[in-house]
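Colleague: Take this structure, written in structure tokens, and hold onto it; I'll ask about it next.
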Amino acid sequence: MKTAPITPATIAFDAEGVPHAPAFGDRYHSRAGALAQAEHVFLRGNGLPQRWRGRPRFVILETGFGLGLSFLATWAAWQRDPARCDRLHYVAVEKHPPTRADLARVHAAVLDEPGALGAADGAPAGVSAVASAEVPQLAARLRAAWPPLTGDLHRLAFDHGRVELLLAFGDAAAWLRRMQLQADAIYLDGFAPEHNAEMWSDAVFAALPALSAPDATAATWSVARTVRDGLAQHGFAVERAPGFAAKREMTVARFAPRHRPALHARRQSALPAARDAIVIGAGLAGAAAAQALVEQGLAVVVLEGGTAAATGASGNAAGLVRGLMSRDDGAHARWHRAAALEAQRQIAPSISAGLVPGRLEGVLHLADDVAEMRRRIAGAAWPADYVQALDAEAAAAASGVKVVGAAWCFPGGGWVDPAALVRHTLAVSGAELRTACRVARLQRRGARWIACDEHGRPWAEADLVVLANAADAARLAPAVEPVAGQAGGWKIARSRGQVTRLPASLVAAPAPLLPLARNGYIIPMPDGSLLCGATQTVDDDEPALREADHAHNLAVLARLTGSALSPTALGSLAGRVGWRCHTDDRLPLVGALPAGADTIDAGVSRLAQPRHVPREPGLFALTALGSRGITSAALGGRVLAAWICGTPLPVDTDLLDAVDAGRYRARAARVHGRG
Ligand SMILES: Cc1cc2nc3c(=O)[nH]c(=O)nc-3n(C[C@H](O)[C@H](O)[C@H](O)COP(=O)(O)OP(=O)(O)OC[C@H]3O[C@@H](n4cnc5c(N)ncnc54)[C@H](O)[C@@H]3O)c2cc1C
Ligand SMILES: C[S@@+](CC[C@H](N)C(=O)[O-])C[C@H]1O[C@@H](n2cnc3c(N)ncnc32)[C@H](O)[C@@H]1O
């Protein structure tokens, strides 16, 4: 599915100073106060805060995020409640998100004015669950985390990951049918139905049953017939309740469907009650998986075969983090854009705090035709804080290198030291790292998994195992190892890569100010050296540095910067060799492994869809991160943890299909069906 271009909101103020959308001819909230309205209609209308009390997780779905005021009221109420749920997941859809500047302008008017936080005349009295004095600070934190306005699902985390906000930018009906979550409470908040029919369309209501937990509730300030009928026709028991301020009534509803559709095999593989996990492999994948699982409340042991973390592909001194431009905006481009934005959000604080070496101040990907690049940016409405098209002059100014030509600039991208990132992530995650623990095989005992050494002695046991051990994952999971005659195996290849570290003394001035990339890359390092890379050779197990590969990397340097180096220096150059592990579609393998041997029988056409592929209980993977693991690991870890814990998925279901560790089984079933 193609990403819809995003048109940001146009926000004015009406005569009473209430934010107003001229395009819809309606206001964003009641004139009696946004926070008081949110508390009355959405929190109390859904039985909050009482309903989240004592629960490990609570999921709220909102249609129409707008200015984020209902989110802020909910977050404040959660913070104030000593009996709050451990984790709050708030998922919201918004077709016209405000720019960060507009959000600041409107928040200043709505939240920072004296008296703005209290309910105005006509608002019901009562003890407020919303810590309204704190809302302006929460609003500032929301704005600081505000993502580029791309039509993706953006994941923002607050309060040490205990509050997760998933923001889907685009049309509600289009997003809701591609989301995977089970909402405990639903806030229905478009503009008034007579001004905003598509927000209250049957397509929106029809999507709700699949997104509702068994005891879900919904609330809205509207009592329009379309709203009540829409809810009633899709399994909700609808009632009227006293409305907010001047509104006599509002609508509250409880999910009470006649039939509950069975969960498909992929969702059945979730283990929401799991207490502990073994992660095999302490590279970028293992660290990201461990961190995300610990944040979901699991106890995690990471078993690493080497004597330290990040001794495999993740051990280079630097690598790039960046998005990707492609004409078709297919799964590959969408995954890497979403992954880059997530990685940047996760990595930036550690870099700013000086805990991980790196710099996220822009990457230039060289290109040819700036007019065509600008047409593509305009056509897709890509925001300037995600990507820009620079002409040769602007690219030269940004990079300090005259010869670069036109370039895509990813302003939030940059470079990071992946090994330091792995060590730091593991150190702060709360996971236990055990090195020199090579897992030779896995055993199942009842509902538990045991990871054993080569003598069959247990290293550790847990409710689930995550294979984050690169290409070795296929060996530990025989059901996915491609065996002659067995369809549906993973198609993993290993490619050797060598990088070259050119010391400052050999760098012919001027060194680029920013990393440059195109069929290779140059990264300016803090000590004045350049990291140049990287070669790619398949079926190549040579661990020693090769002069020919240094020559290749220096040719990349010459091509990207115009700077040449005498070939006589090659033998003494430093560098590093590693092995990437990738699939034939260049997307990672994420999630529950397909079950048992070959389960493909004639007539099982449902298997052609990844979600129907049966899974091995408790066995998961995050691997095959290819040449973009620094970019992909963070999002991969989050998808994996959401899958395991049954929390809202941070990507849409089309993207999940594209990275699903069971997709090769589904592909084989499709081929089988055709044959
Ligand atoms: C030369 C080169 C340049 C690159 N440049 C970039 C770049 O610029 N940007 C980018 O995003 N990505 C880049 N990458 C890709 C990125 O480095 C990889 O995608 C990423 O490191 C893969 O991480 P991983 O955790 O899956 O694998 P690894 O880092 O290889 O980790 C797997 C770990 O599992 C352990 N293990 C294996 N088997 C077992 C077992 N049985 N028991 C216990 N432990 C086991 C291994 O010891 C290892 O530590 C580059 C890769 C290379 C090689
Ligand atoms: C009343 S405002 C929501 C206010 C918001 N809940 C808050 O707390 O600030 C309604 C929002 O719905 C959004 N909207 C309208 N049509 C939409 C659609 N089809 N899909 C998603 N969002 C839509 C509008 O852009 C607007 O921001």
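Colleague: Please give the solvent-accessible surface of M199 in Å², to the nearest 10, using a probe radius of 1.4 Å with every protein chain present.
Modeller: For M199, solvent-accessible area is about 30 Å².
Colleague: Roughly what % antiparallel, to the nearest 5, for the DSSP beta bridges in the chain?
Modeller: Looking only at bridges with both residues in the chain, the antiparallel portion is about 65 percent.
Colleague: Kyte-Doolittle mean at least -1.0 and Cα extent at least 27 Å along the axis: which DSSP H helices of the chain qualify?
Modeller: Passing helices, by number: 331-352.
Colleague: Using a 1.4 Å probe, how large is the accessible area of H264, given in Å² and rounded to the nearest 10?
Modeller: Accessible surface of H264 is approximately 40 Å².
Colleague: Hey, can you find the accessible area per residue of the chain for me, probe 1.4 Å, expressed in square angstrom?
Modeller: 39 Å²
Colleague: Another question, then. Rounded to the nearest 0.05, what FRET efficiency do A246 and D276 give with R0 = 60 Å and r taken as the Cβ-Cβ distance? Could you check?
Modeller: My answer for the efficiency is 0.70.
Colleague: Right, something else. Put L421, L506 in order of accessible area, largest first, 1.4 Å probe: what do you get?
Modeller: L506, L421
Colleague: Now a separate question. Would you tell me the accessible area of H336, worked out with a 1.4 angstrom probe on the heavy atoms of the protein chains, in Å² to the nearest 10?
Modeller: My reading of the accessible area for H336 is about 10 Å².
Colleague: Taking the Cα centre of the stretch 12-255 as the origin and placing charges on Cβ (Lys, Arg +1; Asp, Glu -1), which of L188, Y28, H160 is farthest toward the positive end of the dipole?
Modeller: H160
Colleague: Given a Förster radius of 22 Å and the C-beta distance between T99 and V428 as r, what FRET efficiency does 1/(1 + (r/R0)^6) yield to the nearest 0.05?
Modeller: 0.10
Colleague: Per residue of the chain, what 222 nm ellipticity follows from adding -39500 (n - 2.57) for every DSSP H run with n ≥ 4, rounded to the nearest 500?
Modeller: -8000 deg cm²/dmol
Colleague: Find the centroid of the Cα atoms in the stretch 277-299 and in the stretch 403-460, then give the distance between the two in whole Å.
Modeller: Computed from Cα coordinates, the inter-centre distance equals 7 Å.
Colleague: Can you pull the one-decimal nm distance between simple spin-label points at D215 and E134, each 7 Å off the Cα toward Cβ?
Modeller: 2.5 nm
Colleague: For the pair R327/A197, report the inter-label distance in nm, with labels modelled 7 Å from Cα in the Cβ direction.
Modeller: 3.8 nm
Colleague: Any idea how far the Cα center of the stretch 311-341 sits from the one of the stretch 573-588, in Å?
Modeller: 13 Å
Colleague: Can you tell me which lysines have their Cα less than 17 Å from the Cα of K95? Leave out same-chain residues fewer than eight positions away.
Modeller: Within the straight-line cut-off, K95 pairs with K2.
Colleague: Which value in Å does the Kirkwood hydrodynamic radius of the chain take, with 1/r averaged over all unlike C-alpha pairs and then inverted?
Modeller: Kirkwood hydrodynamic radius for the chain: 26.5 Å.
Colleague: When the distances between all Cα atoms of the stretch 12-255 are binned every 5 Å from zero, what whole-number percent does each bin get?
Modeller: P(r) for the stretch 12-255, in whole percents per bin: 1, 6, 15, 20, 22, 19, 12, 4, 0.
Colleague: While we're on this one: At 7 Å along Cα-to-Cβ for each site, give me the label-to-label distance between D540 and A440 in nm.
Modeller: So the two model labels end up 3.3 nm from each other.
Colleague: Which length gain, in nm to one decimal place, applies between T226 and R475 when the Cα-Cα distance is subtracted from 0.36 nm times their residue separation?
Modeller: Taking T226 through R475 to full extension adds about 84.1 nm, to one decimal.
Colleague: On to the next question. In whole angstrom, how far apart do the alpha carbon centroids of the stretch 506-534 and the stretch 175-194 sit?
Modeller: 47 Å
Colleague: What's the local net charge at E249, with K and R +1, D and E -1, over the other residues with C-beta under 11 Å away?
Modeller: So the surrounding residues net to +3.
Colleague: Ranked from the most accessible area to the least, with a 1.4 Å probe and all protein chains present, what is the order of D472, D549, D539?
Modeller: The residues order as D539, D472, D549, largest area first.
Colleague: With Cβ to Cβ distances under 14 Å as the rule, what net charge do the other residues near R546 carry (K, R +1; D, E -1)?
Modeller: In short, -3.
The values are calculated or read from the model by the stated rules, or taken from the named source; none is laboratory data. Treat the numbers as computed from the prediction; the structure is a model and nothing was measured. So basically every Cβ, Gly included, is an ideal-geometry build from the backbone, and we count neighbours across all protein chains shown. Quick note on the areas: whole protein, heavy atoms, side chains included, nothing else; ligands and nucleic acids left out. Shrake-Rupley method; radii C 1.70, N 1.55, O 1.52, S 1.80 Å.
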